[in-house]
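Report on the structure given below.
The values are calculated or read from the model by the stated rules, or taken from the named source; none is laboratory data. Note that this is a predicted model, so its numbers are computed, not measured. As a convention, Cβ positions derive from the backbone with ideal geometry for all residues, glycine included, and neighbour counts pool all protein chains shown. The area values use the complete protein model at the heavy-atom level, side chains included, leaving out ligands, DNA and RNA. Shrake-Rupley method; radii C 1.70, N 1.55, O 1.52, S 1.80 Å.
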Amino acid sequence: MEWTELVVETTLEASDAVVEILMQNGAGGVQFDDENGNDDLKIITYFPESEPVVELSRDLKQKVLGLADFGLNPGKANVFVKTNDDASWVDAWKKYYHPVRVTRYLTIVPSWEEYVPQSADEQVILLDPGKAFGTGTHPTTKLALLGLESAIRGGEKMIDVGTGSGVLSIAACKLGAKEALAYDVDDEAIKACDVNLKLNPEERSKIHVATNDLLNGVDEKADLICANILAEIIVPLIPQAFNCLNDGGIFITSGIISDKADLIEEKLQNEGFVIDQISRMKDWFSIVAHKPGEGEE
């Protein structure tokens, strides 16, 4: 199978906004090439050859240039495309993807690397990012992982909405959750998640993966729901999450760009959630909230 590589030349200052633009246009995982060590960098992602990427690239260039209207320096804003087969794609990932300690207890390791844990409490997640899902080290994923690390006490039932690579479900079980339901509307995500579950066999038996649009039709109750998705998709998820949580259950949202953080906080509170923590990494936000328990005002 062939894939179209899309490269955006921009600046570190505008990089988070460019990633948001790419995600809104169907990109999943991205690579950052800043090997020159200055403010200029390349953001790299992949699309199936069936996607009209050449046409999309023209639109993306205009959107990246438009970041100047919001006070960001887009830099060169050049957008390039080229075709890669599977072998060259793997070689490209290996150049950028290495073991990363993403939280106090969690380290993400690519499936092709040998890695020895540095301490007894370090949990290693083996991950193959796939063509459309990231390496698990983007700020939105890191924020979600930090939220899980602070929320899980052991024995929880977790729902992972928009699972993508499955990294959050795997992390939750490594941190002590007893089971996870991993949902995604994208069949490619389900395939990627299945690949990563096989790489983490101890957690595989605890995680059920299924195709589903958010929590539509889901009547399962959970102690914890986590969603690392765009703010526009979190909005309709909020009432669904409230209904699916047990009293006192925790809702972790990430993938929220800075100008949407107030909106998500307001929607959560209007639904009845109590905000516990708001975290920021670069221009991305994560909000941890809970459903009030019995007798809680």
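Odds and ends about this structure:
- Cross-link pairs beyond the 29 Å C-alpha cut-off, checked among LYS63/LYS191; LYS174/LYS282; LYS206/LYS282; LYS82/LYS260; LYS198/LYS221: LYS63/LYS191; LYS206/LYS282; LYS82/LYS260
- Helix axis angle, 53-65 relative to the chain longest principal axis, alpha carbon, degrees: 80 degrees
- Using the Stokes-Einstein relation with a Kirkwood hydrodynamic radius computed over Cα pairs, the translational diffusion coefficient of the stretch 193-239 at 25 °C and a viscosity of 0.890 mPa s comes to 191 µm²/s.
- Comparing mean-square fluctuations of ASP16, ASP259, ASP223 from a GNM of the chain with C-alpha springs under 10 Å, the top value falls on ASP259.
- At a probe radius of 1.4 angstrom, the accessible area of the stretch 167-297 per residue rounds to 46 square angstrom.
- Expressed as a whole percent, the accessible area of the chain that falls on carbon and sulfur atoms is 47 (1.4 Å probe).
- Simple label model, 7 Å out from Cα along Cβ direction - PHE80 to LYS61, nm: 1.4 nm
- Between GLU188 and ASN216, residue separation times 0.36 nm minus the direct Cα-Cα distance comes to 8.1 nm.
- Cα pair distances exceeding 17 angstrom across the stretch 250-297, given as percent: 30 percent
- Most mobile listed residue (THR253, THR163, THR211) in the chain, GNM with C-alpha springs under 10 Å: THR211
- Translational diffusion coefficient of the stretch 147-212 (Stokes-Einstein, Kirkwood radius from Cα pairs, 10 °C, 1.306 mPa s): 140 µm²/s.
- Inter-label distance for MET281 and LYS178, nm, one decimal - labels placed 7 Å from Cα along Cα-to-Cβ: 2.9 nm
- The calculated 222 nm mean residue ellipticity attributable to helices in the chain amounts to -10000 deg cm²/dmol, summing -39500 (n - 2.57) over DSSP H runs of n ≥ 4 and dividing by all residues.
- Solvent-accessible ranking of HIS138, HIS98, largest area first, probe 1.4 Å: HIS98, HIS138
- Under the Debye formula (equal points on every Cα, no solvent term), log10 I(q)/I(0) of the chain at q = 0.07, 0.09, 0.11, 0.15 Å⁻¹: -0.26, -0.43, -0.65, -1.21
- Cα pair distances of the stretch 100-180 binned at 5 Å [whole percent]: 3, 15, 28, 27, 19, 7, 1
- Each DSSP beta bridge with both residues in the chain is either parallel or antiparallel, and the antiparallel ones are about 60%.
- Surface accessible to a 1.4 Å probe, SER50 within the full protein complex, Å²: 100 Å²
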